[in-house]
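Structure first, commentary second.
The values are calculated or read from the model by the stated rules, or taken from the named source; none is laboratory data. Since this is a predicted model, take the numbers as computed values, not measurements. Cβ sites come from the backbone with ideal geometry, for glycine too, and all protein chains shown count toward neighbours.
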Amino acid sequence: MPEGPEIRRAADQLARAVVGKVLENVWFAFPELALQAAGLVGRRVLAIEPHGKALLTHFEGGQSLYSHNQLYGVWKVTRAGDRPQTTRSLRVALETRSKGILLYSASDIELWPTQRLSEHPFLAKLGPDVLDARLQPMQVAERLLGSRFRGRALSALLLDQSFLAGMGNYLRSEVLFEAVVAPDLRPRDLSTEQIEALADALLAVPRRSYATRGVARRRGARLRPDLQVDHGERFRFRVFDRAGEPCEACGSLLERSDAGGRRLYWCPRCQAC
Ligand SMILES: [Zn+2]
C-alpha cells in the first residue's frame with residue numbers, strides 16, 4: 001500500500017503532464033459522469049492534489065474529480081491520444097493538446113463542486129494531510145491531546161487516517177523512533193517534551209521522505225541496495241525492516257512486532273516505556 005509521500009510523488013507526475021493546460025478531450029466510462037464530460041472540454045486543469053489516499057483533480061469552472069484507487073486503480077501519463085496496451089479497463093481520460101492522464105480499473109470516481117468537497121463522505125472523515133504544507137507541529141500536538149485521540153495507543157493512532165491522513169506503516173515505525181517514544185504508549189501518557197517531539201516527527205519524517213524523493217540518508221552515507229520500498233524507490237529506514245540490526249543510537253538490537261496486523265519496528269532500549 002503506498003503511503004503519503006509515494007502518493008504525492010505520483011500526483012506530482014500527473015500534475016506535470018496536465019496542470020495549467022486546457023482539456024481537449026475528456027472521457028469517462030461511467031454513464032453518470034459521461035454526461036458531464038463535454039462540459040469540461042475547453043477548461044484548464046488547475047491542480048492535482050492527494051488527500052490521504054484520494055486524489056483530487058480541480059478544473060476551471062468550479063468542478064473537481066474525486067478518485068480513490070483502492071487496491072486496483074492506477075493512473076498513467078501518456079501522449080494525447082495514446083492508449084497503452086493493457087488488460088485493465090479505462091475509466092477516465094483527461095487529455096490536453098500534448099499529454100493525457102488515464103485512470104484504469106478504479107471504481108470510486110465522482111465529480112463534485114470544488115466548494116463542497118469538504119462534505120464528501122470519505123474526505124470528511126480524514127484528518128489533515130501530513131504533507132499539507134500549511135499544517136504546523138502545534139496543530140498536530142493539539143490533535144494528539146484532544147479528547148478523541150489522547151487515549152489511543154500510538155501504534156494504532158498513527159495508522160488511523162482520521163487522525164492524520166497520509167501516514168502509513170513504514171512512516172509509523174520511523175516517526176516513533178525519531179520521537180523516541182514507545183509504540184504502546186498513549187498521547188496522554190507522554191510528557192510535554194515527548195508530545196512536542198512526536199508532533200515534530202509526525203510532520204518531519206513524511207516531509208523528508210517526500211522531499212528527498214525517497215532517498216533519505218546522511219551526507220556521504222552509502223545506500224544499502226536492499227533498502228527498498230515499493231516501485232524501486234529508495235528510502236533510508238532507520239528501524240523499519242531492520243529487526244536484529246543494531247540501533248544507530250544505542251547499539252541494542254532492533255525488534256519487530258505485529259501491531260494491528262502490520263509490521264512495527266522499534267528499539268527496545270531507546271523506546272522503552
Ligand atoms: Zn536504541
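Worth pointing out:
- Selected residue (only one of 83, 134, 91, 97 is without any contact (Cβ under 8 Å) to a residue 24 or more places away in the chain, of a type in the set (Lys, Arg) and over 30 Å from residue 192 (Cα atoms)): 83
- Filter result (aromatic (Phe, Trp, Tyr) and either at pLDDT below 95 or closer than 28 Å to residue 118 by Cα (or both)) within the stretch 141-192: 149, 163, 170
- Extreme residue, farthest from residue 160 (Cα to Cα), among residues of the stretch 23-74 that are of a type in the set (A, V, I, L, M) and in contact with a His (Cβ under 6 Å, 6 or more places away or on another chain): 46
- Residue within the stretch 60-71 that is within 30 Å of residue 195 (Cα to Cα) and not β-branched (Val, Ile, Thr) present: no
- Residue 251 vs. criteria modelled with pLDDT of 95 or more and either outside any helix (DSSP H, G or I) or within 24 Å of the chain's Cα centre (by Cα) (or both): yes
- Of the residues screened, residue 89 is one that is surrounded by fewer than 16 Cβ atoms within 10 Å (Cβ to Cβ) and either more than 19 Å from the chain's Cα centre (by Cα) or in the same structural domain as residue 160 (by TED's automatic domain parsing) (or both).
- Test for residue 150: is it closer than 23 Å to residue 192 by Cα and either of a type in the set (S, T, N, Q) or touching a Lys or Arg at 6+ places or on another chain (Cβ under 9 Å) (or both): yes
- Scanning the stretch 166-193 for residues that are over 15 Å from the mean Cα position of the chain (by Cα), not acidic (Asp, Glu) and not in a helix (DSSP H, G or I) turns up 180, 181, 182, 183, 185, 186, 190, 191.
- Filtered residues of the stretch 250-273 (kept if within 16 Å of the ligand (Cβ to nearest atom), touching a residue at least 60 places away in the same chain (Cβ under 8 Å) and of a type in the set (A, V, I, L, M)): 264, 272
- All conditions in (1) touching a Gly at 6+ places or on another chain (Cβ under 9 Å); (2) acidic (Asp, Glu); (3) within 28 Å of residue 162 (Cβ to Cβ) hold for residue 12, with the sole exception of (1).
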